[in-house]
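Beneath this line is the structure, given in structure tokens, with notes to follow.
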Amino acid sequence: MTDIKPDPDDVKSLPSRPGDPSSRRWLLGATAATAALMGLGAAWWRTSQVDAPAGVAPMDGFWSQQWDSPNGSVIAMDSFKGRPLLINFWATWCTPCVEELPLINDFYRQNKSNGWQVLGLAVDKLAPVQSFLKKMPLEFPVAMAGLSGSELSRGLGNLAGGLPFSVVLGSDGLIAQRKLGRLQPADLSNWLRLK
């Protein structure tokens, strides 16, 4: 009888057996990766859902704030009182922010005659915002909130502090809606009913 020995190349391609240490390491690695992805997904979902009641007033001093625009004029919050207002916190380095700006600009263009206002608060430095606005001009006012914009967004319900973040204030000045993350057309359509 002849001994048949397996070819070493064939042995390498054989699957490992269930009790084999390399099989257990692979299983542990796959389990850990799956758990990490599930955890990241759950964290994203929790932070994208801004869990704060609507119909509450913005924090004290909100309506008295003012900022410089990228062209040097002053934008005062109290000039927006009395009509519905969408405030969008964004930055030039934030890809989802930049991607949603044309949608917000279209929303403003289509609804300004119905009393809607939009204010973009740039959580950014002046030079990048000026450069960005030369390439992509926006019809709605933009103000330079700088790093203090993060604190302001937290005061309006953005507990995670992420961008983009949008807040809708009704004509009564109360917070009507909030969203952390990129806006979708359905968000804006739903918000139109608020006034």
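With respect to Val129, is the statement that it is touching a residue at least 60 places away in the same chain (Cβ under 8 Å), within 21 Å of Ala76 (Cα to Cα) and not basic (Lys, Arg) true? Criteria not met by Val129. Is it the case, given these coordinates, that Pro185 is within 15 Å of the chain's Cα centre (by Cα), surrounded by fewer than 20 Cβ atoms within 10 Å (Cβ to Cβ) and either of a type outside the set (Val, Ile, Thr) or assigned by TED's automatic domain parsing to the domain that holds Ala91 (or both)? Yes. In the range 62-82, the residues that are of a type in the set (Ser, Thr, Tyr) form Cβ pairs under 9 Å with partners that are part of a helix (DSSP H, G or I), at six or more places apart or across chains, as follows: Ser64/Met77; Ser64/Asp78. Residues of the range 112-165 that are among the aromatic types (Phe, Trp, Tyr) and closer than 16 Å to Val98 by Cα: Phe132, Phe140, Phe165.
Residue-level check: of (1) closer than 20 Å to Ala186 by Cα; (2) within 18 Å of the chain's Cα centre (by Cα), Trp93 misses just (1).
If you check Ala43, Ala57, Ala32 for being more than 29 Å from Lys135 (Cα to Cα), under 27 Å from the mean Cα position of the chain (by Cα), at pLDDT below 60 and surrounded by 10 or more Cβ atoms within 10 Å (Cβ to Cβ), only one passes: Ala43.
For the range 132-148, a residue qualifies if it is loosely packed, with under 11 Cβ neighbours inside 10 Å and in contact (Cβ under 8 Å) with a residue 24 or more places away in the chain, and exactly one does: Leu147. The residues in the range 78-116 that are closer than 20 Å to Gly61 by Cβ and surrounded by fewer than 22 Cβ atoms within 10 Å (Cβ to Cβ) can be counted, and the count is 6.
Okay, residues lined up against (1) among the small types (Gly, Ala, Ser); (2) under 21 Å from Lys81 (Cα atoms); (3) touching a Gly at 6+ places or on another chain (Cβ under 7 Å):
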residue	(1), (2), (3)
Leu152	no, yes, no
Leu156	no, yes, no
Ala160	yes, no, no
Ser166	yes, yes, no
Gly170	yes, yes, no
Ala176	yes, yes, yes
Gln184	no, no, no
Leu188	no, yes, no
Arg193	no, yes, no
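The values are calculated or read from the model by the stated rules, or taken from the named source; none is laboratory data. Model, not experiment: these values are computed from the prediction. Reconstructed Cβ throughout: ideal geometry from the backbone, glycine too, with neighbour counts over all protein chains shown.
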